[in-house]
Each structure stands twice: as structure tokens, then as C-alpha cells.
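Trainee: Below you'll find the structure I mean.
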Amino acid sequence: MRFLCLFCLLLGGAFAEERYAPMHRLTSEEYSGTLQHWRKTHPDLVTLELRGLSGQNLPVYLLKITDSTVPDTDKQVCLVTTLHCGPERSGTTGALAFTEWLLGDDDLAIETRKRQIVLIMPIVNPLAFFHTDRFRNEHGVDPYTGNGLVGKLWDVKNLTLLTPERAPELVAVLSVIDEYRPEVHADLHGTGMQEYAPDQLGARRMYQGQIMTEITGGAYSNYALRPWDWRVTEAMIEAGKAAGFPSDRFEADAQRTFWGPELAPLGKKLWHGAPLFYSAHYGYAKYHTMPITQEVAWEASLVARMQGLMKIGNAPWLDERAPGYTVNRIKHFVGHYVTAYGTTAEERRGSRVELWNRQADFALGFLYPQTDGRESFVVATTAAAKKIVAAEDRAGLAKNLREAMGDKAAPIEAFLGEGPEIKLAMEQAPAQLLAATDTSTEPIQHGFGLRVRLPYRAPRNLKVQLNGELLAVSTTDGYESWFADGFTQVQVHVPPAKAALTELYFLTIAYEPDEKRTTGWMPPAEVRERFATDKAIATPATLTDVKYGDHFRQTFDLWLANSETPTPLVVYLHGGGWGAQDKTDIHQHLEVRALLDAGISVASVNYRFLVDATAAGVSPPLQWPLRDAARALQFIRSKAGEWNLDQTRIAASGVSAGGCSSLWLAMHEDMADPASKDSVARESTRLLFTVTKAPQPSLDPAELVEWIPNSEYGGHAFGYIGKTRPETFAPFLDNREKHREDLARFSPMAHASEDDPPAFLLFEKADKPPVKGEPQTDPTHSPVLGLMLKDRLETLGVSCEVRHPFDETEPVTLTELLLKTFTSSAP
């Protein structure tokens, strides 16, 4: 048995040794020989260049692969590097495998060579790859991160190396980027000897089956080092998956959000990468090159994923017409884009680079709000142009355009006049635009492009104007439109000669949508009926949210009747116990349209709630909503001339607490202060009459329980807190004497006098005839309260009419009472 076990152990060890056998380690001679072999066997496809010398004078090579029989003018440029190629060997072997495929007979490889220039630097740091298996070069510099022994070699602001002589490998890569200004820079990483300590390196050979988790598009340490369009990454991942090689998706698979300065305290719950400047950002920062980083375990996987990338470069992108990588949008503002100009890749590259390095000085904007059937896009490229668009409103903008453009501004003014937009929304405030200065006085040399997107498949009758000039369909001087990615794309082309003379681009587009869409959501029918939503929509206010005070609740809506002579006015105060509801509930209780048709204007008032007064330390809190009612009435009276109102014919109406406030106004002596410096405070608070629904004419708890023994309303208005009305009423009643002065000031009936205006009270709900001294089902809104007021006013000779279900008269509404009373009181 022991012999059998020993045999098994030896056999298992042999299998393990075979399975994890050492891999061949590429030599410097083999590497150089391979590159020279490819150049020799594919002279029409391969150019081999020495771009620099690494440590110990080791060569840094560049392979340029393209079909030389096809002109380069319309070719994309893709750069492939291996900035961490020292110990991360599979990045280099992946690059070599990709090169081998690219030089083969595969249809995609052939097409790629015709449509692209592919630049490959398989070994950026040959000293590290062939000799040290460490990331850094002989001067201690890591070409990938740009870190030296002490700090970073990068001057990020100026995009230069502080000590380039210490990073010759990096200088070689940057020289390639500067010469070719590639559309894409794919930097390859992988597995190898990076985590082996020096005493573990041994023969410096990887083993068969040595792999890693593959990632596509970015880097674990740096989430800024990835394509800006996740769909590029996904296309590469899908190509790898189709070949059997999956990729990790960073924070998506980890299910974590990104890090940021304010999120630092949550650091252990965030994605561990950070936005850093690495050397592969150089092309992006200088030429708007798209960075891509990949980790390679299997060379075949890298080839498959790079094939996915090559397909993108060979064909038009999802929403483009010209083939190529998605790199030509230079600056954006909420779905509006400055783009490169050109009919060839070479032209677009020149425009892209120029605009990319000028775009920081551009100010972008569009008319706001955006409107169906209309689109706009404004780009100011100089300080003078920014001053033209530095306007607070449309009128100011139109004036500036006329002064700057003369008659050419007329079509823009016409467009402005045809739409509902309120202003030109720029990404910078007017003060910033006015203070702007130019960092360059050179005109734009390579043309200019603008892209907007219309949210319809086939909009009709497009009218595209640039600076007032009607544009024709053109690929060079005009516009193109096509449907892609869910939008109708509109691309405007401004050729170099015109761009050199243009500082302000004011694009307007009018169109007819090809389908009718509605905006806005409506509540269910039952809810709309309950809150009279449809009535509100059918009867929009003349003025909305007119402020009569500084608090956000101190506003009112105003409906002005059409009349040549001053009109009567109804001031409506909503209910809700001075702590709920809103001025919009007017349509639940009044027929505003009927009042307007009768020549009666209407105001619906919001007021501060009890909770607002309590928070401000006001006692009793009731005084705020009552005094707001008075202030709103005075404010409206002060505008009577402007709004064509008859100051002598103003009535108040309200429901529940709003009715109580109305009665307080009516019975209170005139609160006008003739000596006040405030013109509003000098206005009268007197009313012609009141028409109220289910009001509380008294807040005196003793008076209330005399008429309705189970009364429960009013304690909250004097500062008592409780979950229910009875909880607040009981201590209010017990402490009534403490509130004697406040009751004299704020209980409506305490102000009753012979000169009070007529009062009409409507109680629509009652389950029995009203009788003084009997408990009521709803003591807060019982018609007994109306009888209480009637009893007081009639003794003073003041007219008071109370209507309720048991009064043996025809039912009547608040609106009908208002119309009848205004008619009977007409002069």
C-alpha cells in the first residue's frame, strides 16, 4: 500500500509538472527578429521604426501596420502600447498575437488594414521586460503611471515631463502620439512576474496556466482610464465572450459606486479606484484620443477583444454617418455638441485637435425651456461673442443681436418671437460672459461642426438656420440629417473659410414632429373630480403666485374679469384648519368661470400656517393666518387701479377655517393705518359682504360649548398641541381665562358691531335640524354655528342668512349666493 501511495504521489506530481510547465521566455533577439521578419514578409503592410532607446541602449520599436495601397487620408489611427510591459508579460505577448492576426488573411484584418493605421509598440520598456521584471526603468520611473522615485514626472497642467531624460521610454511613446494624434490609444496589461519578490524570480519564466481575471476598457486603480462611451467597452467584452473569454466589469460587477472627495468618509463602501492622471491620458488631454486599458490572461482573448475594437473603427458609430471611432464631439451642453469638421478622417482629425484645444474658451447654450417642434444651439467662441449672448431675458438677447448683426438678426428675432421660451440658457452666467477675455486671437482654421438631436424618427419641414441664414442640405457647407440611436441627428457643417470669420454660432431649427405626444401626468379621474382638477385647468388664472409678503406661503392667484369698468372682486380663503390645503382648492367650492362671466374678478389667497407662527415663536399662532388675510386684502386693494377692480365692491368667501378668517375680516374694525409709511397698510380692510361655507364664527370655547356641548375646535389655533381636536380643546377650555385678551382680538364674533356687512353662511352637510345645546355629529362644521352668529348679528341689526339642508329652501351653492348678492348690491 505504501508503494502504491508513493507511486500515486509521483504520478500526480508529474501531471502537475506537465500541466504547469514553464513557458518559453521571449528573448530580445527573438523579439527584434520577429519584427524584422514581419517587415520583410509584409513590405506593403509593415513599417518598422526605432522610436527611442531604453535603459542600456535597448531599442523601443514601433510597428505601423496599414495597407499602403490605400491612401491614408480617410484612415483612423489606433495606437497599441504596453506601458507596464516589464513584468506584465501577457500584455506584450497579447500585442504580438494581435499583430500576427492583423497581418493575416482574416477578412476583418484585411478590412482593418484598408481603413486604419494601427500603431503597435509591443515592448515599451525593454530593460524591464528582458532583464529586471520590475515596473520601473533604470531611473526608477514607471512609464504607466509616470511616477518616479520621488513624486510624479508629469506636469499635468502643461502636459510635459519634468525630467524627460529619466523616462526615454515614455518620450518614445509621446513622440508617436504627437506625430499621429490617434483616435484611440489601447494600453495592454497582464500577468507575469510583478508580484514575485526578487528571491522568487528564479529563471524568470511564467508557467502554463498562469492567468488572471481579465478586464476590458479600464484599470482597477484608475476609473478615469477608460472609454467615455461604455458601449465601446461592451462591444469589446461581447467580442471576447463570443470567443469564450469573459471580462470583469469593475464597479458594475462589484456593485459599488464611485469615489469622490465628499464621499471619502464612506471609503470602505465605495469602488476602490480613483480618477488619476496616468501617461495614457496624454493623448486624451492633448488630442481627444480615447483611452482604453485591458488586462490580458490569454492572448487569444486579447485578439478577440481587439477585433471588437477594430470593427468599431472600421464602421460608422451608432449615431454617425462617417466610419470611425467615437471621438469627434468636442464640447457639450445638455445634449448639444460642438463637433469636428471634415469629410475625411484626416480633416476631422485636424479639426478635432484644433477645437479640442480651443473648446475651454467656448460658451454653449440653448433657448430654455426646450420646446417640442423647436431646437436651438448657441456657441460663443470669443469674448466679443459672449457679450452678445450675456442677456438676462429674450428682450435683452434680441437687442444685443440687433446691435451686433444688424438686419441679419431678423430671422433669429422672428424665431424667438414664435416660441414660448423665456431666455437663452448659457452654461455660464451673464456676469461671467461679460467678464470673459480671449486666450487666443487666432481664427479657427479647420472648420466647425454643431450637432443637435431631435427626439423624433421623421420630423417634417426642417428649417435649419445658422446666424439667420437658411441652410441647405450639404456635407460640406450646410446640414445633414438622419435617424440613428433613437434621434434624428442634425449635423451642421461650417467650412474652414466661414469658420475663420465666425465668432458666434446661433443655430435655430423649426420642425413638425411626425407624431403627436402629450406631456404631463394627470391623476385618476376620481382624484381629479374630488379636487376639481379639470375645472382648474379650464380656468387658468390671469396672474399666479402673486407675492404679498416675504414668506413663500404669502401668495395669491388672481382671475381678472374682462370689463371696461372696474369689476367687483371675491377674495377666497381656503380651509384646512390654518394648517393644510392650498389656494388651488377654490375650484372645489367656487365656479370661477361663472363669476368671471358675470364680470366678477376672483382672488384665491394662501397664508402662513399655524406651524409657521409656532416655529417663529408667535403666540397665539392664529394671528399670522388672520393678519395675512388682512394684508392680502390690502395689497389687492392697493393694485385696484392697475387691475381694474372696484375697491368698494369686495366680498370675502371661504370654507371652514377660511370662512372663519373671512368673518374675522368682516366684523373687525377697519385695520387701515392712514399714518403708515407703507402704502399697502393704508388700505382699508372693509368688505361689502361675506359668503362662507361651514365657518367657525367664534373661537371662544365657553361660547362654543354653550351652543354645542361636544365642541372640540380652536385649541390648536391658540398653541395647544395634541393628536386630536378634543386633546387640544379640553385644556383650551380649562384655561379660557388666560386667553381672554387674545379671544377679544382674534375670535370673529368678539368684533361684531352694528356696522358689519351682511353675512351669508352655507352648511351643506347636516344629519338633523340644528338646535342650540344639542351635541352634533360634526361640531366643527355644524349649522348650529350659523345660528349662533345669526343670533348675535340680528340683535345688532346686521343681516345674516344661514342655509342648511333642513331650512326648507332650495339648495344653493356658494357661487349662486355670491352672484345673487353682488347683483342685489349693485349700485
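Trainee: Filter segment 204-218 down to the residues that are modelled with pLDDT of 90 or more and either under 24 Å from residue 285 (Cα atoms) or of a type in the set (Lys, Arg) (or both) and list them by number.
Mentor: Once the filter is applied, which keeps residues that are modelled with pLDDT of 90 or more and either under 24 Å from residue 285 (Cα atoms) or of a type in the set (Lys, Arg) (or both), segment 204-218 yields 215, 216, 217.
Trainee: Being under 21 Å from residue 744 (Cα atoms), among the β-branched types (Val, Ile, Thr) and surrounded by fewer than 20 Cβ atoms within 10 Å (Cβ to Cβ): is that true of residue 611 here? Steps first, answer last, please.
Mentor: Working: under 21 Å from residue 744 (Cα atoms): no; among the β-branched types (Val, Ile, Thr): yes; surrounded by fewer than 20 Cβ atoms within 10 Å (Cβ to Cβ): yes.
Spelling it out, it is not the case that residue 611 is under 21 Å from residue 744 (Cα atoms), among the β-branched types (Val, Ile, Thr) and surrounded by fewer than 20 Cβ atoms within 10 Å (Cβ to Cβ).
Trainee: Just checking, which of 226, 256, 249 is touching a Gly at 6+ places or on another chain (Cβ under 7 Å), at pLDDT 90 or above and open to solvent by 50 Å² or more (accessible area, probe 1.4 Å)? So that I can check it myself, show each step before the final result.
Mentor: On the way: 256 fails: touching a Gly at 6+ places or on another chain (Cβ under 7 Å); 249 fails: touching a Gly at 6+ places or on another chain (Cβ under 7 Å).
Every option except 226 fails the conditions.
Trainee: Please identify the pairs in which a residue from segment 105-122 that is without any contact (Cβ under 8 Å) to a residue 60 or more places away in the chain has its Cβ atom under 6 Å from the Cβ atom of a residue that is in a loop (DSSP other than H, G, I, E, B) and open to solvent by 10 Å² or more (accessible area, probe 1.4 Å), counting only partners at least 6 apart or on another chain.
Mentor: Filtered contacts from segment 105-122: 114/67; 114/70.
Trainee: From the residues in segment 298-325 that are out of contact with any strand residue (DSSP E or B) (no Cβ under 7 Å at 6 or more places or on another chain) and part of a loop (DSSP other than H, G, I, E, B), which one is nearest to residue 206 (Cα to Cα)?
Mentor: By that ranking, first place goes to 298.
Trainee: So how many residues does segment 234-257 have that are of a type in the set (Lys, Arg) and closer than 17 Å to residue 308 by Cβ? Working first, answer last.
Mentor: Going through segment 234-257, the residues of a type in the set (Lys, Arg) turn out to be 241, 249, 256.
Still in the running and closer than 17 Å to residue 308 by Cβ: 241, 249.
So the count comes out to 2.
Trainee: To continue, here is another question. Could you tell me which of the residues 233, 216 is open to solvent by less than 10 Å² (accessible area, probe 1.4 Å) and either assigned to a loop (DSSP other than H, G, I, E, B) or not aliphatic (A, V, I, L, M) (or both)? Can you show your working first?
Mentor: On the way: 233 fails: open to solvent by less than 10 Å² (accessible area, probe 1.4 Å).
216 is the lone residue from the list that is open to solvent by less than 10 Å² (accessible area, probe 1.4 Å) and either assigned to a loop (DSSP other than H, G, I, E, B) or not aliphatic (A, V, I, L, M) (or both).
Trainee: Output the number of residues of segment 302-324 satisfying the condition of being among the small types (Gly, Ala, Ser), over 18 Å from residue 292 (Cα atoms) and open to solvent by less than 10 Å² (accessible area, probe 1.4 Å).
Mentor: Total meeting the criteria: 0.
Trainee: Further question on the same structure: Suppose we filter 353, 327 for residues that are crowded, with 20+ Cβ neighbours inside 10 Å, modelled with pLDDT of 95 or more and in contact with a Lys or Arg (Cβ under 8 Å, 6 or more places away or on another chain); which single one remains? First the steps, then the outcome.
Mentor: On the way: 353 fails: crowded, with 20+ Cβ neighbours inside 10 Å.
Only one candidate passes the filter, namely 327.
Trainee: Which ones in segment 147-167 are buried (at least 19 other Cβ atoms within 10 Å of the Cβ) and either outside any strand (DSSP E or B) or of a type in the set (Phe, Trp, Tyr) (or both)?
Mentor: The first filter runs over segment 147-167 and keeps only residues buried (at least 19 other Cβ atoms within 10 Å of the Cβ), leaving 148, 153-154, 161, 167.
Of everything in segment 147-167, those that are buried (at least 19 other Cβ atoms within 10 Å of the Cβ) and either outside any strand (DSSP E or B) or of a type in the set (Phe, Trp, Tyr) (or both) turn out to be 148, 153, 154, 167.
Trainee: Now for a separate question. Out of curiosity, is residue 712 open to solvent by 40 Å² or more (accessible area, probe 1.4 Å), of a type outside the set (Phe, Trp, Tyr) and within 26 Å of residue 768 (Cβ to Cβ)?
Mentor: yes
Trainee: Exactly one of (1) touching a residue at least 12 places away in the same chain (Cβ under 8 Å); (2) under 19 Å from residue 289 (Cβ atoms); (3) open to solvent by less than 40 Å² (accessible area, probe 1.4 Å); (4) not basic (Lys, Arg) is unmet by residue 335. Its number?
Mentor: (2)
Trainee: Would you mind listing the helices (runs of 4 or more DSSP H) fully within segment 726-827 where at least 2 residues are closer than 16 Å to residue 711 by Cβ? It would help to see each step written out before you state the result.
Mentor: Working: elements: 740-746, 783-795, 814-824.
Counting at least 2 such residues, we get 783-795.
Trainee: Also: If residue 285 satisfies all but one of (1) within 30 Å of residue 160 (Cβ to Cβ); (2) in a helix (DSSP H, G or I); (3) touching a strand residue (DSSP E or B) at 6+ places or on another chain (Cβ under 7 Å), what's the number of the condition it fails?
Mentor: (3)
Trainee: Any idea which of 479, 456 is surrounded by 13 or more Cβ atoms within 10 Å (Cβ to Cβ), of a type outside the set (S, T, N, Q) and under 27 Å from the mean Cα position of the chain (by Cα)? Can you show your working first?
Mentor: Working: 479 fails: under 27 Å from the mean Cα position of the chain (by Cα).
Answer to the selection: 456.
Trainee: Give the residues of segment 175-205 that are assigned to a loop (DSSP other than H, G, I, E, B) and under 50 Å from the mean Cα position of the chain (by Cα), sorted by residue number.
Mentor: Taking segment 175-205 as the starting set, the residues that turn out to be assigned to a loop (DSSP other than H, G, I, E, B) are 181-183, 191-197, 201-205.
Selection gives 181, 182, 183, 191, 192, 193, 194, 195, 196, 197.
Trainee: Residues of segment 505-564 being of a type in the set (Asp, Glu) and assigned to a strand (DSSP E or B), which ones?
Mentor: Applying the first criterion (of a type in the set (Asp, Glu)) to segment 505-564 yields 512, 514-515, 526, 529, 534, 545, 550, 557, 564.
Residues satisfying the conditions are 512, 545, 557.
Trainee: Being hydroxyl-bearing (Ser, Thr, Tyr) and within 18 Å of residue 556 (Cβ to Cβ), is that true of even one residue in segment 612-630? Steps first, please.
Mentor: Going through segment 612-630, the residues hydroxyl-bearing (Ser, Thr, Tyr) turn out to be 614, 619.
Applying the additional criterion that residues be within 18 Å of residue 556 (Cβ to Cβ) yields none.
No - not one qualifying residue is present in segment 612-630.
The values are calculated or read from the model by the stated rules, or taken from the named source; none is laboratory data. Everything numeric in this text was worked out from a predicted model, so none of it was measured. Here the Cβ is made from the backbone with ideal geometry for all residues, glycine too, and neighbour counts use every protein chain on show. Calculation scope for accessible area: heavy atoms of the full protein, side chains included, ligands and nucleic acids excluded. Shrake-Rupley method; radii C 1.70, N 1.55, O 1.52, S 1.80 Å.
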